[in-house]
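I have placed the structure first, in the form of structure tokens, so that the comments after it can refer back to it.
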Amino acid sequence: MSLERLDSRALAAIRFLDGETGQPLTGPLHVSGNGIRVVRNPSGLYALTAAPGFEDYTARFEAPPEPAPAPATLPVTVVDPSGRHLPRGFTLELPRDASLEPEHPEQSVFAPVDVRMYLAPTARRAPGSAVVRLSLRDGQDNPLARVVIRLRVAIPDKPAVEGLGLSDERGEVLLLVPRIPIIRWGQEEGDALIHTTFPATLESAIAPSVAGLPDPDMPAPSFTPLPQTLQVASGLEIHRRIQIPTS
């Protein structure tokens with residue numbers, strides 16, 4: 001998607017985040033939906049400038065028409081042409097609050113909607129990230145696609161570190177977890193680094209479908225604990241085959 005000049009009222013701004021670092025993505029993505037128009041600005045935000053039922057609303061910059069358009073849930077899909085992230089779907093609730101002092105600031109049209117992108121199994125890790133590769137199978141040893149995995153790393157005297165992953169059509173999941181502590185043995189810069197392992201638990205949830213693609217942003221109550229416990233460390237790669245009952 002190329003950069004374009006914005007010449008109409010925006011319905012929402014979308015900010016896509018990397019599945020490993022949580023940082024905003026700056027490369028182009030393919031964002032689509034039925035009857036929508038999306039414009040990428042120089043800072044990497046995607047402005048939604050057209051959607052079905054909002055033609056009058058977006059036609060002018062001055063005060064929007066009265067009455068306001070009826071609330072709508074808009075299905076959107078996004079594909080990363082670089083292949084680092086898996087295709088996914090999500091929904092936008094419209095209209096967003098266009099007032100200068102919204103009662104709920106997170107619902108303001110001026111506040112970007114953050115959408116996490118989930119890593120493809122071929123994604124390369126950043127230096128220092130723990131690498132967890134999972135092969136998910138059902139009770140008949142068939143690959144399990146569209147399963148969201150949440151990994152929680154317990155670190156003494158610090159908040160738990162969390163990683164999220166999504167299985168592809170082969171049942172493969174990649175979780176890249178940054179910010180795992182490394183202990184330096186001694187005080188000098190050249191002293192050896194100790195890659196300490198920390199216990200990690202796993203939870204799973206089935207992602208619903210939006211416009212034919214998984215929407216992996218699952219609420220906490222949707223996750224079910226898995227019996228496996230892993231040992232993860234900065235820079236360490238592990239691979240596990242996990243069976244998840246589906247009935």
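Throughout, read-outs are computed from the coordinates displayed, never taken from laboratory work. Keep in mind that this is a model prediction, so the values were computed, not measured. Every residue, glycine among them, receives a Cβ derived from its backbone with ideal geometry; neighbour counts consider all protein chains shown.
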Original post:
When only C-alpha pairs under 8 Å and at least 6 residues apart count, what is the relative contact order of the chain, in percent?
Top reply: 19 percent
Original post:
What FRET efficiency, computed as 1/(1 + (r/R0)^6) with R0 = 51 Å and r the Cβ-Cβ distance, is obtained for Ala145 and Leu100, rounded to the nearest 0.05?
Top reply: 0.70
**OP:** With both partners inside the chain, how many of the DSSP beta bridges are antiparallel, as a percent to the nearest 5?
**Re:** 80 percent
Original post:
Of (i) 35, 20, 15; (ii) 45, 15, 15; (iii) 38, 22, 16, which one was derived for semi-axes √(5λ) of the Cα gyration tensor in Å from the structure shown?
Top reply: (iii)
Original post:
By DSSP, what percent of the beta bridges with both residues in region 12-116 are antiparallel, rounded to the nearest 5?
Top reply: 80 percent
Original post:
What list do you get for Thr122, Thr77 if you sort them by fewest beta carbons within 10 Å?
Top reply: Thr122, Thr77
Original post:
Most exposed first by the Cβ proxy, i.e. fewest other Cβ within 10 Å, how do Met117, Met218 rank?
Top reply: Met218, Met117
